[in-house]
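A short worksheet on the structure shown next.
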Amino acid sequence: MKKDCLQRAVFFFITLVEVNLRRRIYITIFGTDTRAGKNFDVILLWMIILSVTVVVLDSVSTIRESHHQIFISVEWFFTVIFTLEYLLRVYSSPRPWKYIASFFGIIDLLAILPTFLGLIFDQTTFLLTFRALRLLRMFRVFKLGRYIKEAAMLLQALRMSIRKIMVFFGVVLALVLILGSILYLVEGEKNGFTSIPQGIYWAIVTITTVGYGDIAPATVLGKILASVAMLTGYSIIAVPTGIITIEMGKAAKTAGKSRLENCKNCGHDQHDSDAHFCKICGTRL
């Protein structure tokens, strides 16, 4: 009986220590409200900047030939540090799978995978420029709440307008397919339109007003169709912009009804403007 009580006490003590340790790590790594959390993120940002700089310099042949071994050592140093950071984030997160599947979780993973893949495949190290995306954390580190709010409004506007944009995109694809097919019939292989996909390529380049010039219609009818495609391209550019602008206006009206603040317990970041407790777990904000 005493042995069971002692085992339970030891197990409870170990569990309590582990919970406190995870909470401390979580506050330091995920939070920016404490001095330790802010210092951690500032140091992390500088390490990201330095690691991206090393990858960029390593792609220059003249520099790589004279400092290649140094670059490899420095790259592995950063990779080990970022791997430990990623594992600590997964360990300390109240909902690890939510973090792993989140935008920053995926970016954190992509930031370390290329170095390990480089042991198997060649040239994957240069994919480490994904680390530059991690600089987005600076918006939380330096408490630029205004920019976070605006970014959230833009994201909400994109979510609200995604269906309309998809319908618009479908119409554009149909238009490109029709134009490409017509130009293939009108111009033919002798003028460079060797197939319908080649005609579709020309239609995309023309409608987007890029105009590479590697292929162009030579007949009168083809030039008329090209002129129509160019004018149509200028016209349709404004459509998705207008859709997103309208949704951003709607998002701005509702922005004052909520606030962005990470719950220290569960990590939820969407709360009412007058909320004092997390709506998910009840932890005081």
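The values are calculated or read from the model by the stated rules, or taken from the named source; none is laboratory data. What you see is a predicted model; the values in this text were computed from it and never measured. Note that we place each Cβ from the backbone using ideal geometry, even for glycine, and neighbour counts take in every protein chain shown. In case anyone asks, the SASA skips ligands and DNA or RNA and just uses the protein heavy atoms, side chains included. Shrake-Rupley method; radii C 1.70, N 1.55, O 1.52, S 1.80 Å.
Residue ranking by accessible heavy-atom surface, 1.4 Å probe, largest first, among 55, 90 comes out as 90, 55.
The largest accessible area among 76, 46, 97 belongs to the first residue in 97, 46, 76, and the rest follow in falling order (1.4 Å probe, all chains). Solvent-accessible area of residue 224, all protein chains in place: 90 Å² (probe radius 1.4 Å, heavy atoms, ligands and nucleic acids excluded). With the simple model of a label 7 Å out from the Cα in the direction of the Cβ, residue 230 to residue 21 spans 6.9 nm.
Rolling a 1.4 Å probe across all protein chains gives residue 88 an accessible area of roughly 70 Å².
Accessible area per residue for the range 176-236, computed on protein heavy atoms with a 1.4 Å probe, is 57 Å².
Legend: residues 220, 60, sorted from most to least accessible area (1.4 Å probe; ligands, DNA and RNA excluded), read 220, 60.
Phi angles across the range 179-188 convert, under the Karplus curve 6.51 cos²θ - 1.76 cosθ + 1.60 with θ = phi - 60°, into 3J(HN,Hα) values of 4, x, 5, 5, 5, 5, 6, 6, 8, x Hz, Gly and Pro given as x.
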